[in-house]
Ligand SMILES: [Zn+2]
């Protein structure tokens, strides 16, 4: 990711405050610079629009299947190789950075850094932490089998065990810690609304992460679960479909982010049954599907920083750009573009992401139309003239 490039003739996105300006983008050794002494290879983008590379803050490289047990306990080599394909395709769509919030590991991360395959910049949490019978426990109620850890989730109960689990993740390169603090759609035995983990357990997790300079992302749907999360130190609320305006205000006051994942519910609703999603999950999905866009509106009205995530499992992965369309429908093109770039960059905590000013990573997509005036430019694959990552044209 250390290419050099001059993108000429385009209107360049300078953030939600400033909009587009006509200027060249100069990328030297992978980084945007104000000026260069020598020549750079040129990409002629005359009449086109350049926005920063998109960031997906809720991605799952190892979600190879619609079957939870398969994802957790299938061969890791299969999950990893499948994950490389999922990452490559995300990059082709214009996502130059992803945050993987259940799964990933130092091995996959090292393979990306070594350039073994094309991938978005990759930030992972490792397996998400779940209580017994929580969202990360893939067992159905009627089977009596042991489950401790898988590739995407690990069941850990009790304060001391959780401290060890957090420390182990941070030891092995995790960007942040993911925890399940409410029921979910994909899990089989937990009602969607109920909070998970005790306050003491949750505080042990957020304290360990915070001391190390990291943070905690929590899967949570309902107001009860979101309040439980932020009162105990969680910074990033994943999904949040069932929140109300009071909870949104509390999130804003706590400085918590919301990472909506609209693509997942829409895709499960349209395609889940056909590709083998179980009856329990299909029924739970209808509970959260209708409320996702409203939750984004509550959050924005309250002043919450709203990011963007996709959360697509198995073959549903190709609906990633559909999530962009749904978020634009809920928030408008300007807010959605901000979510996909500057807000997700702030969430990840890297000032080189999400903009195209000097010092930024040279990650950009070239669009054939103005995405604010014609928002479909952000989700129609045909509207992408190029994807640039670290100064190299990768698609
Ligand atoms: Zn997820």
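At-a-glance table
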| item | result |
| --- | --- |
| Every residue from the range 221-231 that is over 20 Å from residue 125 (Cα atoms) and either away from the ligand (no atom under 16 Å from the Cβ) or touching a helix residue (DSSP H, G or I) at 6+ places or on another chain (Cβ under 9 Å) (or both) | 222, 223, 224, 227, 228, 231 |
| Single residue of 216, 226, 192, 246 found to be within 23 Å of residue 302 (Cβ to Cβ) and in contact (Cβ under 8 Å) with a residue 60 or more places away in the chain | 192 |
| Only one of 288, 234 that is in the same structural domain as residue 213 (by TED's automatic domain parsing), within 16 Å of the ligand (Cβ to nearest atom), on the phi < 0 side of the Ramachandran plot and in a helix (DSSP H, G or I) | 288 |
| Residues of the range 176-207 satisfying the condition of being touching a strand residue (DSSP E or B) at 6+ places or on another chain (Cβ under 8 Å) and in a helix (DSSP H, G or I) | 202, 205, 206 |
| Lone qualifier among 250, 209, 256 - being more than 16 Å from the ligand (Cβ to nearest atom) and surrounded by fewer than 22 Cβ atoms within 10 Å (Cβ to Cβ) | 250 |
| Filter result (surrounded by fewer than 24 Cβ atoms within 10 Å (Cβ to Cβ), in contact (Cβ under 8 Å) with a residue 60 or more places away in the chain and more than 13 Å from residue 97 (Cβ to Cβ)) within the range 372-391 | 372, 377, 381, 384, 385, 386 |
| Number of the exception - residue 277 against (1) assigned to a loop (DSSP other than H, G, I, E, B); (2) within 15 Å of the ligand (Cβ to nearest atom); (3) within 20 Å of residue 121 (Cα to Cα); (4) in contact with a helix residue (DSSP H, G or I) (Cβ under 7 Å, 6 or more places away or on another chain) | (3) |
| Among the residues listed as 180, 152, the single one being in contact with a helix residue (DSSP H, G or I) (Cβ under 6 Å, 6 or more places away or on another chain) and either farther than 26 Å from residue 241 by Cβ or in the same structural domain as residue 259 (by TED's automatic domain parsing) (or both) | 152 |
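Table: residues versus (1) modelled with pLDDT of 95 or more; (2) in contact with a helix residue (DSSP H, G or I) (Cβ under 6 Å, 6 or more places away or on another chain); (3) within 16 Å of the ligand (Cβ to nearest atom).
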site: 168; (1), (2), (3): yes, no, no
site: 172; (1), (2), (3): yes, yes, no
site: 187; (1), (2), (3): no, no, yes
site: 218; (1), (2), (3): yes, yes, yes
site: 241; (1), (2), (3): yes, yes, yes
site: 263; (1), (2), (3): yes, yes, yes
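The values are calculated or read from the model by the stated rules, or taken from the named source; none is laboratory data. On a predicted model such as this, the values are computed, not experimentally measured, just so you know. Positions of Cβ are backbone-derived with ideal geometry, glycine not excepted, and every protein chain shown enters the neighbour counts.
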